Amino acid sequence: MNRHHYSLYVHNCRLILLLRQDPSEAENYKPAEFHWKLDQVCDKEWHHYVLNVEFPTVSLFVDGTAFEPFMVTEDYPLHPSKIETQLTVGACWQENSGHDNDTETGPETTSGGNARMAQFFRGNLAGLIIRSGKLENKKVIDCLYTCKEGLDVQLPEEVASAVKVDFNPNQSSLTVEGDDIGAFDKVMQHISYLNSRQFPTPGIRHLRISTTVKCLNEDACVAVPDAEGYVMVLQPEEPKISLSGIDHFARSAAEFESQEGVTLFPELRIVSTITREMEADAESEAAEGTDDDPTVQETVVSEEIMHNLDSCEVSVVGDELDSEHESLEVDVSQLQQRALEMSSSNLGLVITGVNTMANYEQVLHLIRYKNWHTEALFDRKFKLVCSELNGRYISNDFKVEVNVIHTASPVEHANNAMVQPNFINPVHHASVDLSGHNLVNAHQASVVPSAATIVIVVCVSFLVFMIILGVFRIRAAHQRSMRDQESGKENEMDWDDSALTITVNPMETYEDQHSSEEEEEEEEESEDGEEEDDITSAESESSEDEEGGEPEDQQGTSRQQQLEWDDSTLTY
């Protein structure tokens, strides 16, 4: 009469699966309990269990090995009830009385006892996955458990029938059985170590070979000591995960407040590269030089590779998110399609799950930022980091800054409303795209003169007039000072005869007259001694002297008259 729909538990070193059928009209016995008696249940070691339920059959795989149930019991389907179901892990939700009261809808009070947790699981769980509506095949189950590194052997055809080779489920050990020593040698030579991980963990892998000799009789056989060795896994080329895209853009405030929000990583690209050193081939080595030549260098090549990611984190740079008016969102259905999970907080959001870089790109393109109160918001900064292998390889910090463009809305005032003049044509401004600053809703503006504009124009005109007038006056003053300086220099060169007194000696006139007559006589004597061909010129010169002598005599007479003593003023 209990309400356990299904449960998986351990009892007396047995693994038991309880599976009750839903209520139905035909109350027939159907398989309800499946029992497996396994040594792995009580050996206190870690094991991997997979149960495929395809009613009425159930398949169990332990560490990749299939096991059949040794006992199956049947039971009636559950009877109808209105009690809600509840899933628990590590214990059982039940009542002390052992049966439930169908009239109760809650676990607080029942007729017979209080509901409580009981039948606890005494052990450890490393993980639990319940997939409804789908089964996995044997190959997928083996891949889930089997490690990507282990032992392998390729048997030669001539010894395939002479020996028997068995592997354990995780291929960490193998057993070779046979009676041909030569076949044993060939098989041991073909055993190999495989590691199919893209980025294997470097280190030492220890090996041990244990040999047991069986004799036909019961006498003591030869004891073969164990042989030990190791395999060194070198450090792989570490990938460099690079995130790139638009790291700075602006959007209008209306886009932040819209239902869709603003996409943070619209053109994000995730690229992973490794750097390898390529060795030169034999021909190039022979042409360039020997190995001892220090000038010969290896070629470094960067190669793009594809691998999975296991997490990407989007965090807020600066103040934490205020859940009242801002949020980070992503389409949950897109995450579920790619088997990814998301967890969010006021610090950002984290996307987890092993998937390809292409799928992570598609999901990150869908992350949106919304803000319902952008009046005081001017910018927001975010940081994106992706990793692989639980943080073993981490990408660069890709930071994005989003600016908010605020547009001024026109406000009408009834008291000072203005009418647009007819002589002014409205000027329309088209939407402008400034490196991501795409203004979708551009407002049309018109040129309207105002009183302030007229006052500014008048003031500027008056200022220009005063400047021109000042320059003109400065130039005129400069020219006036230059003229004054030139006139001052000329006045300095004139004689100041206001205080000059001239005294004339009357005897100088008489001496000058006699000296001039003597000079004329000497000139005439020298002219008479010249040649005849110069007579004409001499005569002309003498005639000129005669003509000029008459006024000279008159001037001497006038001077002599002027130099007479004036004794009218003398007093005796």
Keeping every protein chain in place, order K383, K186, K399, K139 by accessible area at 1.4 Å, biggest value first, i.e. largest first.
-> K139, K399, K186, K383
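What percentage of the solvent-accessible surface of segment 112-204, computed with a 1.4 Å probe over protein heavy atoms, is contributed by carbon and sulfur atoms? It would help to have the intermediate numbers written out before the result.
Values: 3400 of 6740 Å².
Accessible surface attributable to carbon and sulfur in segment 112-204 totals 50 percent.
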Could you let me know the centre-to-centre spacing of segment 58-81 and segment 352-406, using Cα atoms, in angstrom?
-> 46
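For M357, M482, what's the largest-to-smallest order of accessible area, 1.4 Å probe?
On the way: M357 5, M482 85 Å².
Correct descending sequence by accessible area is M482, M357.
R0 = 35 Å: FRET efficiency of H373 with S343, Cβ-based, nearest 0.05? Provide the component values of the computation, followed by the final result.
Values: r = 25 Å, r/R0 = 0.73.
Working from the Cβ atoms, E equals 0.85.
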P(r) over all Cα-Cα pairs of segment 199-247, 5 Å bins from 0 to the longest distance, whole percent per bin, short to long, reads 5, 14, 11, 10, 9, 9, 8, 8, 6, 6, 4, 3, 2, 2, 2, 1, 1
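Multiplying the sequence separation of K148 and Q86 by 0.36 nm and subtracting their Cα-Cα distance, what value in nm do you get? Could you put the intermediate results ahead of the total?
On the way: separation 62, 0.36 × 62 = 22.32 nm, distance 3.74 nm.
Answer, rounded to one decimal: 18.6 nm.
To one decimal place, what Kirkwood hydrodynamic radius in Å is obtained for segment 299-351 from all pairs of distinct Cα atoms?
Values: mean 1/r = 0.0731 Å⁻¹.
About 13.7 Å, per the Kirkwood formula over Cα pairs.
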Stretchable slack from R392 to E267, in nm (0.36 nm times residue separation minus alpha-carbon distance) = 42.4 nm
T175 accessible area, nearest 10 Å², 1.4 Å probe?
-> 70
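Given R₀ = 60 Å, what would the calculated FRET efficiency be for N12 paired with H190, taking r from the Cβ atoms and rounding to 0.05? Before the final figure, lay out each step's value.
Details: r = 45 Å, r/R0 = 0.74.
Computed FRET efficiency for N12 and H190 comes out at 0.85.
Among residues other than W36 whose Cβ falls under 12 Å from its Cβ, what is the net charge (Lys/Arg +1, Asp/Glu -1)?
Details: positive: R14, K37; negative: E33, D39, E68.
Cβ neighbours under 12 Å give a net charge of -1.
Want the number for N170 to H79: 0.36 nm per residue separation, take away the alpha-carbon distance, what's left? Walk me through the intermediate numbers first.
Values: separation 91, 0.36 × 91 = 32.76 nm, distance 4.39 nm.
Extra length from N170 to H79 when fully extended: 28.4 nm.
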Write down the accessible area per residue of segment 327-382 in Å², having rolled a 1.4 Å probe over the full set of protein chains.
-> 51
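Using only the alpha carbons of segment 1-89, what is the convex hull's orientation-averaged projected area in square nanometres?
Seen from a random direction, the Cα hull of segment 1-89 projects 6.7 nm² on average.
Given R₀ = 51 Å, FRET efficiency for E238-V455 by Cβ-Cβ distance, to 0.05?
The pair E238/V455 has a calculated efficiency of 0.10.
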How far apart, in nm, are the 7 Å Cα→Cβ label points at M306 and S333?
-> 2.7
Taking N as the number of residues in segment 154-283, what is its Cα Rg relative to 2.2 N^0.38 Å?
-> 2.04
For I246 and V213, extending 7 Å from Cα along the Cα-Cβ vector and measuring point to point gives, in nm, a value of 7.8
Please work out how much accessible surface D319 shows to a 1.4 Å probe, ignoring ligands, DNA and RNA, in Å² rounded to 10.
-> 120
Cα-Cα longer than 30 Å, checked against K134/K383; K138/K164; K240/K370; K44/K138, kept in input order, equals K134/K383; K240/K370
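The values are calculated or read from the model by the stated rules, or taken from the named source; none is laboratory data. These figures come from a predicted structure and were not determined experimentally. With ideal geometry, Cβ positions are generated from the backbone for all residues, glycine too; neighbour counts draw on all protein chains shown. What goes into the accessible areas is simple: the full protein's heavy atoms, side chains included, and nothing from ligands, DNA or RNA. Shrake-Rupley method; radii C 1.70, N 1.55, O 1.52, S 1.80 Å.
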